[in-house]
Amino acid sequence: MTQKTKRKKRSEVQVKETWCLKDLFKTYEDWQEELDVIQIDVRDVTSLKGKLTSSSSYLLRGLQAYEKIQERLIRLATYAHLLLQTDGSHPDYQSDFTRLNAVLTKIETKLSFVQSELRTLSKSQIETFFKEQADLHKYKKMLNDVLEKKPYTLDANIEEVLAALGDVHRAPYMIYERSKSSDFVFDSIQSEDETTLPMSFALYEDRYELSPHTDIRRKAYDSFIKTLNRYKHTYAALYGTEVTRQVALSRLRSYDSVTQMLLESQQVTEKMYANQLDIIQTELAPHMQRYAQLKKDQLHLDEMRFCDLQAPLDPTFNPETTYEEATSMIIEALKVMGKEYSEIIEKAINNRWIDYSDNIGKATGAFCSSPYGVHPYILITWTNTMRGAFVLAHELGHAGHFYLAGKYQNLLNTRPSTYFVEAPSTMNELLLANYLFSKADDKRMKRWVIEQLLGTYYHNFVTHLLEGEFQRRVYRHAEKGTPLTAQLLSTEKREVLERFWGDAIVFDDGAGLTWMRQPHYYMGLYPYTYSAGLTISTVVMQQIKAGEKKAVDRWLEVLKAGGTMKPIDLIQKVGIDMSKQDAICEAVRYVGSLIDELEKSYE
């Protein structure tokens, strides 16, 4: 029996595969010192309690001090978070993150008066203050947002109590992440030649789920589901606690529903939210069912199982790529975005903004963290697959976006609504696909590129969208008082999947357990926004491909605008009206055309 190389400990990976945190704090001791000092410096803001809105000068002074403290807190939190993500089982990282959360809660409690006092301002007072202090204009959106939230604001003392419970509010997500990185142990699997293969969350999602070998793919799925099944009751209680928290807050703040509360923070209407879920599920399902049938036929499968959905159409054609090759391709693909954007991408790749090692305890999936005033940090687990190049391009899209927003906007204006936030990332995936397709020199390669592009739509228009539909069902149950048991959650998840895929897929009970895979459920109504972002980027990409002269310039201006506008206004800058269904239907038709092209290539 052959034993494949075991996964490395964090201390064993090469430095070049890790990110450099010295840009945040030169030493760990510097981070500790800042954590102590900021608890004293918060007095720069708290000294204005009761006086913040008494004059325009006090208001300006207070907001400037508040912004500086927030920037420092972000740096502190990012440092501790990134360390924990590289090795969630490390006791010191766990301890530091717990300590950080305690300090954050303490400071947030002290600063809760800022929002409460700002809400006492009237629109006319704010306009008067703007005339007196020109520098206040950079806080205009923040102040307007505060006014809009007035109807849902509680008494200042209650808001302070809620802030003091910050650790409690964050606990479900923290527990989920810690358990996922530290407690989950999977059975190794054996290939047909009796090689023992290591198994982990990251390896399943980044390698085995995409494996061209049906035997390995299905064995890995069985191992994956076996471990999920062990934790289903605990995770149901955990997720149920998070949903209960959200529902309780929505009622406490007098929202009509928890959905209204969560969408209000995104500045999105319920119609825009429903459009994404309803139109894509209805119109995309027939296309994706055709795609599943095509895979079943071409792979000569006895049946098309849920775990086969991401199997490659052409098992013998899966060009591997090294990290160096992939980053070179990404740089070339993104040159269409111009010099300034390209320089950001090159800095990210060359200056260790990216952690791409595979080590025990490392968080699964991929993300980009963008601390203001420093630079973005990207986490990914590199497995030498071309799909990984698309994931990396995606995260670099976030990096480019927030680097530009941070460069051109103040801290409080950098973050757009989560409804838009996945548009810049998916745009990079589309640009990479377009570049690869233009370089493809044979039918087989072009077919493979189309399949990679469909992987992007599968991820955002299927996986995350169906997570969004699952959430919608869960919130309906919660508001009726229905207990969110493991059985109910698994049943709902499986029904969502079966409704979309119909008879094209054979489902097992394990498919219902996949609600346990994602941390996004602990981030409000985040999953459905992936489809919104990809809808936007699809339409803009068509503009670029059609040769519209100003398409790239308009897109870059939107990235630079950060969070200065509501999402619907921001998106209109590139000629898209997301209050209507047109863009969604156009994006779905495009996906259908890709599947048409694949089908024709096999005739």
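Just to be sure before I move on: is G524 touching a residue at least 40 places away in the same chain (Cβ under 8 Å) and either assigned to a helix (DSSP H, G or I) or not charged (D, E, K, R) (or both) in the structure I sent?
Here the answer is yes, as G524 does meet what is asked.
Give the residues of the range 88-102 that are buried (at least 17 other Cβ atoms within 10 Å of the Cβ) and in a helix (DSSP H, G or I), sorted by residue number.
Across the range 88-102, the qualifying residues are Y93, Q94, D96, F97, L100, N101.
Restricting attention to the range 117-149, report how many residues are assigned to a helix (DSSP H, G or I), closer than 27 Å to L263 by Cα and open to solvent by less than 20 Å² (accessible area, probe 1.4 Å).
Matching residues across the range 117-149 total 5.
Could you tell me how many of the residues in the range 364-379 are outside any loop (DSSP other than H, G, I, E, B) and within 23 Å of Y408 (Cα to Cα)?
5
Take T109 and decide whether it is under 15 Å from V45 (Cβ atoms), hydroxyl-bearing (S, T, Y) and in contact (Cβ under 8 Å) with a residue 24 or more places away in the chain.
Judged against the criteria, T109 is a match.
Suppose we keep only residues that are touching a residue at least 24 places away in the same chain (Cβ under 8 Å) and closer than 27 Å to E451 by Cα within the range 546-575. Which one would you say is surrounded by the most Cβ atoms within 10 Å (Cβ to Cβ)?
Filtering the range 546-575 for residues that are touching a residue at least 24 places away in the same chain (Cβ under 8 Å) and closer than 27 Å to E451 by Cα, the one surrounded by the most Cβ atoms within 10 Å (Cβ to Cβ) comes out as W555.
Does T426 satisfy the criteria of being under 30 Å from E492 (Cβ atoms), under 13 Å from the mean Cα position of the chain (by Cα) and open to solvent by 20 Å² or more (accessible area, probe 1.4 Å)?
no
I need every pair where a residue in the range 494-518 that is closer than 22 Å to K295 by Cα has its Cβ under 8 Å from the Cβ of a residue that is modelled with pLDDT under 95 and surrounded by fewer than 18 Cβ atoms within 10 Å (Cβ to Cβ), sequence separation at least 6 or different chains.
R494/D509
Go through the range 259-274 residue by residue and tally those that are open to solvent by 40 Å² or more (accessible area, probe 1.4 Å), touching a Lys or Arg at 6+ places or on another chain (Cβ under 8 Å) and not in a loop (DSSP other than H, G, I, E, B).
1
Does the range 437-453 hold any residues that are part of a helix (DSSP H, G or I) and either surrounded by 22 or more Cβ atoms within 10 Å (Cβ to Cβ) or charged (D, E, K, R) (or both), and which are they?
K439, K443, R444, K446, R447, E451
Does D215 count as under 26 Å from P319 (Cβ atoms) and either β-branched (V, I, T) or modelled with pLDDT of 90 or more (or both)?
When the stated conditions are applied, D215 passes them.
Could you figure out which of (1) closer than 30 Å to D145 by Cβ; (2) assigned to a helix (DSSP H, G or I) isn't true of D256?
For D256, the failing item is (2).
The values are calculated or read from the model by the stated rules, or taken from the named source; none is laboratory data. None of these values were measured; they are calculated from a predicted model. FYI the Cβ positions are ideal-geometry reconstructions off the backbone, even for glycines, and counts take in every protein chain you see. Note: areas computed on protein heavy atoms with side chains; ligands, DNA, RNA excluded. Shrake-Rupley method; radii C 1.70, N 1.55, O 1.52, S 1.80 Å.
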